[in-house]
Amino acid sequence: QITLKESGPTLVKPTQTLTLTCNFSGFSLSTSGVGVGWIRQPPGKALEWLALIYWDDDKRYSPSLKSRLTITKDASKNQVVLTVTDMDPVDTGTYYCAHVEMATVWSFDIWGQGTMVTVSS
Amino acid sequence: DIQMTQSPSSLSASVGDRVTITCRANQGIREDLSWYQQKPGKAPKRLIYAASSLQSGVPSRFSGSGSGTRFTLTISSLQPEDFATYYCLQHNSYLWTFGPGTKVEIK
């Protein structure tokens, strides 16, 4: 059974860097054909894809946020980390990590519960 | 960049109604499209992937169709637990884009 869980600060100040961790179980990021992505959702608004990392360490970023995002993995710890620099109040929202696999054409099948991040001074 | 639109943005329907939601891409994405259901305070749940493949465990009243630039999600007979917001997601060309969502409310 695949599970994912996000963790990180609930409150960050403007201009600070946000670091979120996704801890997962039930699969290995060393296995060919899998990946983990990050998605966020401002309160009352739509979902927005941020970044994704594949088993082979290939990385993809949202073009609109690419300059502020870094995604890394530690397959031995079953963790994926997302950093977002220069945080702004508009970055407030729930941040989700999710599993993808080639078998289902790289769409997000299993999601974490999400973690709420508020950006405020 | 691939942009996604959904219509309608919201709808009111009764239990038992047939509901159709449309998602359009501004360029062809083959069948690289999924549908999600999200209820307040919860993570999205995948219903359909590869445009028409039903996720395991999802009721058969949900179905998806389409390819290229136009896709539809159909709920054949709306149930009380189906009132939620629905999102499409394109995953073509190693980039992912969600649609703006369709809120399905009780009439």
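How high is the relative contact order of chain B, given as a whole-number percent (alpha carbon pairs under 8 Å, six or more residues apart)?
Relative contact order for chain B comes out at 37 percent.
Of B:101, B:11, B:80, whose Cα points farthest to the positive end of the dipole of chain B (charges on the beta-carbon: +1 Lys, Arg; -1 Asp, Glu; origin at the Cα centre)?
The residue sitting farthest along the positive end of the dipole is B:80.
Taking chain A, how many lysine pairs are there with alpha carbons less than 23 Å apart, if each pair must be eight or more places apart or span two chains?
For chain A, the number of qualifying lysine pairs is 9.
I need the phi-derived Karplus couplings for the stretch A:68-78: 6.51 cos²θ - 1.76 cosθ + 1.60, θ = phi - 60°, integer Hz, Gly and Pro marked x.
Once θ is set to phi - 60°, the couplings for the stretch A:68-78 become 10, 10, 9, 10, 9, 9, 10, 4, 5, 9, 6 Hz.
Please give the peptides A:8-17, A:31-40 ranked by average Cβ packing (other Cβ atoms within 10 Å per residue), highest first, as a rough proxy for protection.
A:31-40, A:8-17
For a label point 7 angstrom out from the Cα of residue A:90 toward its Cβ, which stretches of the stretch A:59-74 have the backbone nitrogen within less than 17 Å?
Once the point is set 7 Å along Cα→Cβ of residue A:90, A:62-69 turn out to lie under 17 Å by backbone N, inside the stretch A:59-74.
Quick check for me: using +1 on Lys/Arg Cβ and -1 on Asp/Glu Cβ, what's the dipole size of the stretch A:21-64 about its Cα centre, in debye to the nearest 20?
Values: 4 positive and 4 negative charges, 46 e Å.
Here the stretch A:21-64 has a charge dipole of around 220 debye.
Computed from the coordinates by the stated procedures, all read-outs in this text should not be read as laboratory data. Predicted model only: the values in this text are computed from it and were never measured. So basically every Cβ, Gly included, is an ideal-geometry build from the backbone, and we count neighbours across all protein chains shown.
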